[in-house]
Amino acid sequence: MPDLTTTYLGLTLRNPLVISSCPLCESVDNIRRMEEAGAAAVVLHSLFEEQINIESELLDRYLSHGAECYAEALSYFPDMASYKLGPEEYLEHIRRAKAAVGIPIIGSLNGVTPSGWIRYAKAIEEAGADALELNIYYIPTDPNLTSVEVERRYVELVRAVKASVTIPVAVKLGHSFTAFANVARQLDEAGADALVLFNRFYQPDFDVERLEVVPTLTLSRSYELLLRLHWVAILYGRIRADLAVTGGVHTVYDVVKAIMAGANVAMMASALLKYGIGYLRTVLADLRQWMEEHEYASLRQMRGSLSQQRVAEPAAFERANYLRVLSSYAWRLPE
Amino acid sequence: MRDSTRPRVTLDGNEAVASIAYQLNEVIAIYPITPSSPMGELADQWAAEGRPNLWGTVPTVIEMQSEGGAAGAIHGALQAGALATTFTSSQGLLLMIPNMYKIAGELTATVFHVAARSLATHALSIFGDHSDVMATRATGFALLASGSVQEAMDMALIAQAATLESRIPFLHFFDGFRTSHEVMKVEMLTPDDLRAMVDDELVRAHRERALSPDRPFIRGTAQNPDVYFQSREAANPFYRACPTIVQNVMEKFARVVGRHYHLFDYVGAPDADRVLVLMGSGAEAAHETVEHLLARGEAVGLLKVRLYRPFSVAHFIAALPRTVRVLAVLDRTKEPGSLGEPLYLDVVAAVHEAMAEGTAPFATLPRILGGRYGLASKEFTPAMVKGIFDEMKKAHPKNHFTIGIHDDVTHTSLDYDPTFSTEDPQTVRAVFYGLGADGTVSANRNSIKIIGEHTDYYAQGYFVYDSKKAGSMTISHLRFGPRPIRSTYLITRANFVACHQFSFLERINVLKIAEPGATFLLNSSYGPEEVWDHLPRTIQREILEKDLRVFVIDAYRVAREAGLGGRINTIMQACFFALITGEYSSTVARSSDHGEGSFTRSDRSRGAPALKGVLSLERALAAMREAIQQTYGKRGSAIVEKNLAAVDRALENLHEVRVPERVTSVFDLRVPVPPEAPEFVRRVTARLIAGEGDELPVSAFPPDGTYPSGTTQWEKRNIATEIPVWDEDLCIQCGKCVLVCPHSVIRAKVYDPALLAEAPPTFKSAPARWIEFKGWRYTLQVAPEDCTGCALCVEVCPAKSKTEPRHKAINMRPQAPLRETERANWEFFLRLPDADREKLHLGQVKDVQLLEPLFEFSGACAGCGETPYIKLLTQLFGDRLLIANATGCSSIYGGNLPTTPYTFNREGRGPAWSNSLFEDNAEFGLGMRLALDQQAAYARLLLRRLAPEIGEGLVEALLEADQSTEEGIARQRERVRLLKERLVTLPHPDARQLLSVADALVRKSVWIIGGDGWAYDIGYGGLDHVLASGRNVNILVLDTEVYSNTGGQMSKATPRGAVAKFAAGGKPTPKKDLALMAMTYGTAYVARVAMGANDTHTVKAFLEAEAYEGPSLIIAYSHCIAHGYDLRFGMEQQKAAVLSGYWPLMRYHPDRLKEGKNPLILDSKAPSLPLRQYAYNETRYTMLVHSRPEAARTLLELAEKDVRARWRLYEYLANLSVEEWMKEARYA
């Protein structure tokens, strides 16, 4: 039996399969089934500060909407003594998940204000999460905002959260940076315990009949893995923080590739949404089988083996690779 | 007050009473009716929160289908041994009367708490007087009156203690609005007080008298002439004992609590020669006046009646000074045709009896005068009290007088000097003009609370609301000061005036009530330097003549910057405290266009500050912050932070205005109605609009409640900041915006292009897209001054610009720059001819837009979901329409003065509208039908009889007329016109009779309209009966799924899982399927429609219902402010309701069965949208997710099952073959 254990965020995991933040994690029952199916850890769905703010604003607006206008109807709703708005339910979910399973539970947070990030990070820690993933989902649409400023905000955020909690902190981010390797280094220096590559942004689509922009979310596909492999392979060995691949992990080959690129863990979500939680068992069995067939004794053996620092042709990750792909297409041009 | 350790709280009369009643009862049966509803709401909410009563259990609070139902449930609960209560007012109390006789006849202890309100007579009124209570005099209930918030709390307890001991049921009453809604600092009775007053032994005795199979007996027998009379008299000892019991309870209360009450409390000179007798809140104003007059050496007195029934002559006589020479007995009710009002007659009888028996101490028989005051919350002021005392001095004083009005018809009214005032100079009087939506009232409630609870001052708040729901004005009256406040009347001399809406300045003189030297705070987008030039002359003059200090703040900007949108309440409140505490450090306008203006021309320290040395600004702001935390904390930290930021920013933006020396404005207040308005509108309506209704004499009013139609058109309210603007190039002329507009402010016409010759320069038109109107022009016109700015039209518009899709064929733009030009365009548009109805396809929305609406500019909420249906009804059938309207939103926006929206067309025809009551509307409408049918039958009889004289041809045509189409009706009208022409020439007596009923020969359309509270609950019995009657009436249920008009209480139409008042924990049971129930008759046309989901279907259902020669029922999805979302998306939400299967569109047409077809047609598709995606757009559902997430989950799952199950049932029924239908549904 090959040794599948790995470490991530200072936690020892029984294998490299971690459940990525997704709607399945909203149910403790699902989390229990994930553990049973072999998941090594679960990243919960995100707590969105913005969502909390919107909900409370809507509640406030409509509880007072039309009130005190007309003598017969001075209000339209009973105003209860308390509301469960915001983090309470999420925090309760962490507590219940922790009580239900033995595998690590990683909280996920998406804030909007500096005070919100810190307040909710602390709350997640206090609720018993083993670690925290900062889900930085930010689209800099302001043309006056420079890349330097954007990067500074990321770094300051990580520094501030790290200063306020003691549990390990992972940073999940997108790849739209001019100098991603430098961003990664800065975050590493700011104290990030892991980088999770990459966030998949909800892409707006167009309804051309109604002339409207509509939000869409498609499940990831395996081909999306390549971008992640690329950057994990480049970063591996160059930064202190752990690395996680998320987005496009669907088969055992994707897992193996992620580890070989240098990831500590491979995160899955779309595949489970598509095939069900039980699909984890298949991937895990396949991983074991693949390692046995290829005579890997442990995951450690394969980790980072195809990273830029360890491959025979480091240039393959740089421009040379681009040229070679282009020419490979040229070879296939029809006569 | 200050010596006691009891908590001092600031609350209103309803809460004061409910808090006691809740603690002292086990079963509470409720039904909403203004102004008592908040008592039931509080009880329901406390029960939902698990608050225990005095004995540790949570009372069962149950909403019933009517007040009659509530009284029945209470009767039952009492008979089964529970302590039980209910709360009600007005007609609700009348519905309880039958059970009240029973409860009293059985000597059963209970207390009903009544916020006393006038009764519907010539008109409904929600305001306070004693008409309802007086109607219960004969029931055998004891009647106990309170005059203030503190008294209401105290008497609630005293009544409970007394009923248990006396076994006489009590009706405890206090004045609607004046006491029920007045916010007052009071001393809270503690549970220990309650325990000390309520004897558990008596509670057990009450239980032991209950029905029980363990010790069975029978109660409620039927009796014969031999015994009924004696049995009735057998209860006498209980009534004789009752007054003494009540007085003893009052003595005990004095020992426990310290406040000493008597059955009759006398205030005044021990040797008074003139004494007033009255009860309720008016006694407080009288008390204040008597004290004032005493100080001036006048020998006057006041007797406050507390226990009115059973009336104790002994206690009454003993309470009067022996010196009394004239008694004036004031009744807050009217009994037309009586010798006098009830209290007066009782006093006459009491004095007479005492004199006759020699028990009276008076030297001579006092003269006793009776008078009426304060009907429907008409102001009752010290000036009026003084007027009465002055009258009493006269050698021949007027009897059966009225006070507070000018009766120039029967000359009952007394003159008085309105300038007489007893206002305490040490009491601060602050008046605030606000917009309903801006939070002014809630801020002022909070200010009163802060002053009441953070200082030793007494404090009082009273709030006056608008009769319109959209863009409504609120006026807050706040008093506070070191001395007790008994001023149960509005402030007329304010030393602080705030106007929170700049636009009010052009409508009313907000400074009329300002005292000289007062402080004026104005929310203005104009800064301290430019604001002066934007004030109307009247306002400038008031400022100069009264030497007011003027301050401005741009509260909307501050609110916007703080992310608060239009909620300026905390900002204005902070400014109020800054000015009233005297800690505002003025940031003077450095330069001024007005040269050497000054802040004040006289004493710089006059007027406010009033709290100097009593409450520091710092402490006030800290209390505000605390209150913000308390109010908003539970709604989320983001809200708290924004409000706190607003408080911080407010003071930096408050500026004093340098007031110039002279009036400079060239404009003044707008006239309330234009000079071309009809005479009645100019003479009467205009005064009501201007807020001067109190000054109109009796002769100004119709004596029978009949008012002219079509008066909203004269009241230009200009409440929208943005109005829709038409883009004629993009418009596809679909008519959807016209159909949806809740206030009938968007209209369309097609007309001959030649008519454009005289059009104003900015008048728009486009080629008409109708084959029938080829070559004509089309115009979509907005009434700029009547629009409420709801934007439903923009959301429903399907036409978007190809290059910039956010630009539609109709778009919201600021109103102010458009007002003048669009007013001219609107006036021109109205003069254009309407399309020929006979040319139009009434089943098409595109054509319906061209029909003139005969319902316009109502006072409904902006974005109302009901009014589009009513407007459609008037477009389709308005010129031959009779409407019976159940009490509720539709009767209020349909018939609340000053102006009413039902109007008439060029021929003078339009809807005939009336409101009877809440519970009887179906019957009311049926009665209309019966009358019309009877008249038509009589007309036919006379036609046949007079055929030789009239002419056989015309008679036959009249009798055989096909009136199924617009054309047919037009022809018949023409025939009736001819008939009338001939009839006037005929000498035959039958001719005159026929003339009076000839109009009945034209098809009339009777519509019975009301909300779900009426149709599903209180009026269901009648509705069911009318559906079964087979008569040709049409019933339109405007289903908002909640009692909208009284503030969102649950009805049986409320869906499962929605939160409503009386369903604070989410409604656990599914919505009643009224359509399915009506279908089971098999003889009624039934449709369920949602205009936003399928407007053509709606129009079709209206046409089919009207055409069907039997009863029809249309249940119309009406989005409502009580659903809790932005109503501009109302139509989208209706669509979602249908897509989710929550609101399946259907029609059941009995005639189809005759045609061999299944009568049920499902007009919408199987559910395709998850229910949550519909429901969770609305606060009524999401607030349960926030308050009880587990329950929300469970109820949503059940609601999803409801949707599936109902869809399957409908689908099954709709797919049956006719044979199966006959068999399965058992219809022959």
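Within the stretch B:645-681, the set of residues being over 33 Å from the mean Cα position of the chain (by Cα), of a type outside the set (Lys, Arg) and part of a helix (DSSP H, G or I) comprises B:ALA645, B:ASP648, B:ALA650, B:LEU651, B:GLU652.
Within the stretch B:721-760, the residues that satisfy the criterion of being free of Cβ contacts under 8 Å to residues at least 24 places away in the same chain and either more than 18 Å from B:LEU850 (Cα to Cα) or surrounded by fewer than 14 Cβ atoms within 10 Å (Cβ to Cβ) (or both) are B:ALA754, B:ALA757. Residues in the stretch B:1138-1194 that are assigned to a helix (DSSP H, G or I), surrounded by fewer than 19 Cβ atoms within 10 Å (Cβ to Cβ), without any contact (Cβ under 8 Å) to a residue 60 or more places away in the chain and within 14 Å of chain A (Cβ to nearest Cβ): B:ARG1172, B:GLN1173, B:PRO1189, B:GLU1190, B:ARG1193. Could you grab me the full set of residues in the stretch B:861-889 that are among the polar types (S, T, N, Q), part of a helix (DSSP H, G or I) and within 19 Å of the chain's Cα centre (by Cα)? Listed by number, the list holds a single entry, B:THR867. One residue is enough: does the stretch B:478-499 have a residue meeting the conditions under 25 Å from the mean Cα position of the chain (by Cα), over 30 Å from B:GLU291 (Cα atoms), within 14 Å of chain A (Cβ to nearest Cβ) and touching a residue at least 24 places away in the same chain (Cβ under 8 Å)? The answer is no; no qualifying residue exists.
Of the residues making up the stretch B:1-41, those that are among the β-branched types (Val, Ile, Thr) and in a helix (DSSP H, G or I) are B:VAL17, B:ILE20.
Just one residue in the set B:ASP129, B:ASP44 is surrounded by 24 or more Cβ atoms within 10 Å (Cβ to Cβ), touching a helix residue (DSSP H, G or I) at 6+ places or on another chain (Cβ under 7 Å) and charged (D, E, K, R); that residue is B:ASP129. Among the residues making up the stretch B:662-679, those that are over 17 Å from B:PHE520 (Cβ atoms) and either crowded, with 18+ Cβ neighbours inside 10 Å or in contact with a Ser or Thr (Cβ under 8 Å, 6 or more places away or on another chain) (or both) are B:ASP668, B:PRO672, B:VAL673, B:ALA677.
Considered as a group, the residues in the stretch B:752-790 that are of a type in the set (A, V, I, L, M, F, W, C) and either within 18 Å of B:PRO817 (Cα to Cα) or in a strand (DSSP E or B) (or both) include one that is nearest to the chain's Cα centre (by Cα), and that residue is B:CYS787. Beta carbons closer than 6 Å, at least 6 apart along the sequence or on distinct chains, pair a first residue in the stretch B:137-148 that is on the phi > 0 side of the Ramachandran plot with a second that is surrounded by 22 or more Cβ atoms within 10 Å (Cβ to Cβ) and at pLDDT 95 or above for B:GLY140/B:ALA104.
Residues satisfying the criterion are present in the stretch B:922-933 (criterion: in contact with a Ser or Thr (Cβ under 7 Å, 6 or more places away or on another chain) and of a type in the set (A, V, I, L, M)). If you check B:ILE1009, B:ILE969 for being of a type outside the set (Phe, Trp, Tyr) and part of a helix (DSSP H, G or I), only one passes: B:ILE969. Being in contact (Cβ under 8 Å) with a residue 60 or more places away in the chain, part of a helix (DSSP H, G or I), aliphatic (A, V, I, L, M) and within 14 Å of chain A (Cβ to nearest Cβ) is a condition met by no residue of the stretch B:1201-1208. Of the helices (runs of 4 or more DSSP H) lying entirely inside the stretch A:212-308, those containing at least 1 residues that are β-branched (Val, Ile, Thr), within 18 Å of the chain's Cα centre (by Cα) and crowded, with 22+ Cβ neighbours inside 10 Å span A:225-235, A:252-261. Close contacts from the stretch B:980-993, counting a first residue that is closer than 15 Å to B:ALA939 by Cβ and free of Cβ contacts under 8 Å to residues at least 24 places away in the same chain and a second that is among the hydrophobic types (A, V, I, L, M, F, W, C) and assigned to a helix (DSSP H, G or I), with Cβ to Cβ under 7 Å and a gap of 6+ residues or different chains, come to B:LYS980/B:LEU995; B:LYS980/B:ALA998. Among the candidates B:THR664, B:THR685, B:THR721, the residue that is more than 14 Å from chain A (Cβ to nearest Cβ), within 25 Å of B:THR762 (Cβ to Cβ) and among the hydroxyl-bearing types (Ser, Thr, Tyr) is uniquely B:THR721. Does B:ALA1058 qualify as being outside any loop (DSSP other than H, G, I, E, B) and either closer than 23 Å to B:GLY927 by Cα or touching a residue at least 24 places away in the same chain (Cβ under 8 Å) (or both)? Considered against the rule, which asks whether it is outside any loop (DSSP other than H, G, I, E, B) and either closer than 23 Å to B:GLY927 by Cα or touching a residue at least 24 places away in the same chain (Cβ under 8 Å) (or both), B:ALA1058 comes out as no.
Applying the set (1) closer than 25 Å to A:ILE106 by Cα; (2) surrounded by 11 or more Cβ atoms within 10 Å (Cβ to Cβ) to A:THR166 leaves exactly one unmet item: (2). Filtering the stretch A:190-218 down to residues that are without any contact (Cβ under 8 Å) to a residue 12 or more places away in the chain and of a type in the set (Asp, Glu), which residue is farthest from the other protein chains (Cβ to nearest Cβ)? So the residue we want is A:ASP205.
Do we have B:ALA156 as touching a Cys at 6+ places or on another chain (Cβ under 8 Å) and assigned to a helix (DSSP H, G or I) here? For B:ALA156, the condition - touching a Cys at 6+ places or on another chain (Cβ under 8 Å) and assigned to a helix (DSSP H, G or I) - is not met.
Those residues that are in contact with an Asp or Glu (Cβ under 8 Å, 6 or more places away or on another chain) and either among the aromatic types (Phe, Trp, Tyr) or more than 7 Å from chain A (Cβ to nearest Cβ) (or both), I need them from the stretch B:635-650; list them, please.
Once the filter is applied, which keeps residues that are in contact with an Asp or Glu (Cβ under 8 Å, 6 or more places away or on another chain) and either among the aromatic types (Phe, Trp, Tyr) or more than 7 Å from chain A (Cβ to nearest Cβ) (or both), the stretch B:635-650 yields only B:ARG649.
Check whether at least one residue in the stretch B:352-359 is farther than 30 Å from B:LEU124 by Cβ and part of a loop (DSSP other than H, G, I, E, B), and report yes or no. Within the stretch B:352-359, one or more residues are farther than 30 Å from B:LEU124 by Cβ and part of a loop (DSSP other than H, G, I, E, B). From the list A:GLU149, A:GLU156, the lone residue that is within 20 Å of the chain's Cα centre (by Cα), part of a helix (DSSP H, G or I) and away from chain B (no Cβ under 14 Å) is A:GLU156.
For the condition at pLDDT 95 or above, on the phi > 0 side of the Ramachandran plot and surrounded by fewer than 24 Cβ atoms within 10 Å (Cβ to Cβ), what is the one hit in B:GLY1057, B:GLY1030, B:GLY1021?
Going through B:GLY1057, B:GLY1030, B:GLY1021 in turn, the sole match is B:GLY1030.
Across the stretch B:1100-1108, not a single residue is classified as outside any helix (DSSP H, G or I), of a type in the set (Lys, Arg) and touching a residue at least 40 places away in the same chain (Cβ under 8 Å). Within the stretch B:1028-1055, the set of residues being in a loop (DSSP other than H, G, I, E, B) and either more than 9 Å from chain A (Cβ to nearest Cβ) or without any contact (Cβ under 8 Å) to a residue 12 or more places away in the chain (or both) comprises B:GLY1030, B:ARG1031, B:ASN1032, B:VAL1033, B:THR1040, B:GLU1041, B:MET1050, B:SER1051, B:LYS1052, B:ALA1053, B:THR1054, B:PRO1055.
Do the conditions hold for B:ILE28, that is, is it within 17 Å of B:SER89 (Cβ to Cβ) and of a type in the set (A, V, I, L, M)?
Spelling it out, B:ILE28 is indeed within 17 Å of B:SER89 (Cβ to Cβ) and of a type in the set (A, V, I, L, M).
The values are calculated or read from the model by the stated rules, or taken from the named source; none is laboratory data. Quantities reported herein were computed from a predicted structural model and do not represent experimental measurements. Note that we place each Cβ from the backbone using ideal geometry, even for glycine, and neighbour counts take in every protein chain shown.
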